[in-house]
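Structure record follows, encoded as C-alpha cells.
The values are calculated or read from the model by the stated rules, or taken from the named source; none is laboratory data. Keep in mind that this is a model prediction, so the values were computed, not measured. No Cβ is skipped: glycine too gets one built from the backbone with ideal geometry, and neighbour counts run over all protein chains shown. Surface accessibility is based on the protein's heavy atoms, side chains included, excluding ligands, DNA and RNA. Shrake-Rupley method; radii C 1.70, N 1.55, O 1.52, S 1.80 Å.
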Amino acid sequence: MKEISIQTIEEEILNLYKQRGEHYEEIAALLRVRKELLDVDTCCDIEEHLQDLREFNEALTNHLMMLWDDAYSVYESFKNVKPEYEYDIKAYLVFGDEDDEESEQTTEQQIFNIICETDKNYQYSGIIVGGLHLPICGYKTFDDWIGNDGVSWNEHLPKEETKDIPLTMMFHQLYDHSLFALSDFLHIRKFEQVIEVCMTK
C-alpha cells in the first residue's frame, strides 16, 4: 500500500506542477508527505543503504572543502588586486548532472527537479548545498563551517547503525531541512561549484 501511495502522490505532484504557479503550497505539502513515507522505508532498511550514505557524505565533504578553499582564494585574489573595492562573495554547491546522455526523464528525475524549484533558498537563487558568504562568514575553520564536531549529525536516522559515519551539519541541513527524501540524493557523487562576486567602491 505504501508503494502505491507514493506513486499516487508523485502523480498528483506532476499533475499540479503542469498547472505551474497556482498550486505551490499543495505541491510542497505533497512533497513533505512523500519525503516522510520514503524516509521511513529507507530507515527501515538502513543496512542496505549505509555504503551509499558513507560515499555521499564523503563526496559532499570533499566538494565542500574545495569550495571553502576556492572561495577564500577568490576573495583574497580580488582584495590583493583591487584593494580599494569592497567585495561580497557568495559560494555554494548545486547538484551535478549524474547522466550526460539526453534521454526522457523518469518520474524520479522529474520529482527531483520539482523539489529543486519548490524548495528554493532565495538568498542564493535556487536550492543549494553549503552556502558560504564572505567576508561575513563567521566561521574560522572549515570544520566549524560544516559542523564537523566529532559527533555524527544523524538526527532522524537509526542512531546505532549510523553513529560511526561522520555526518556533518551540511548533511543534516539537506536531510532534515529540505523536501528531499534521503533516497533522492544518496546516489549523487557530483556537485557543481558556484562562486558569485559583487564589488563596490
task = Identify all residues within region 24-83 that are of a type in the set (F, W, Y) and touching a Lys or Arg at 6+ places or on another chain (Cβ under 6 Å); write none if there are none.
result = none
task = May I ask you to list the residues in region 183-201 that are within 21 Å of G131 (Cβ to Cβ) and either of a type outside the set (D, E, K, R) or in a loop (DSSP other than H, G, I, E, B) (or both)?
result = F185, I188, R189, K190, F191, Q193, V194, I195, V197, C198, M199, T200
request  = Please tell me if Q123 is at pLDDT below 90, open to solvent by 10 Å² or more (accessible area, probe 1.4 Å) and closer than 26 Å to V33 by Cβ.
outcome  = no
query = If you check E102 against the conditions, is it open to solvent by 70 Å² or more (accessible area, probe 1.4 Å), in a loop (DSSP other than H, G, I, E, B) and at pLDDT below 90?
reply = yes
request  = Name the single residue, out of those in region 70-90 being modelled with pLDDT under 85 and among the hydrophobic types (A, V, I, L, M, F, W, C), that is surrounded by the fewest Cβ atoms within 10 Å (Cβ to Cβ).
outcome  = V81
query = Among the listed residues F171, F180, which satisfies the condition of being in contact with a helix residue (DSSP H, G or I) (Cβ under 9 Å, 6 or more places away or on another chain), in a helix (DSSP H, G or I) and either open to solvent by less than 10 Å² (accessible area, probe 1.4 Å) or modelled with pLDDT of 90 or more (or both)?
reply = F171
remark   = For region 127-166 the number of residues that are over 16 Å from the mean Cα position of the chain (by Cα) and under 28 Å from D70 (Cα atoms) is 19
remark   = If we ask which residues in region 33-52 are closer than 16 Å to A181 by Cβ and surrounded by 13 or more Cβ atoms within 10 Å (Cβ to Cβ), their number turns out to be 12
query = Does H187 fit the bill of being open to solvent by 20 Å² or more (accessible area, probe 1.4 Å) and under 14 Å from D39 (Cβ atoms)?
reply = no
Subset of region 152-166 that is part of a loop (DSSP other than H, G, I, E, B) and in contact (Cβ under 8 Å) with a residue 40 or more places away in the chain - its residue that is farthest from Q51 (Cα to Cα) = H156
ask   = Here are some conditions: (1) within 30 Å of L14 (Cβ to Cβ); (2) modelled with pLDDT of 90 or more. V129 meets all but one. Which one does it not meet?
value = (2)
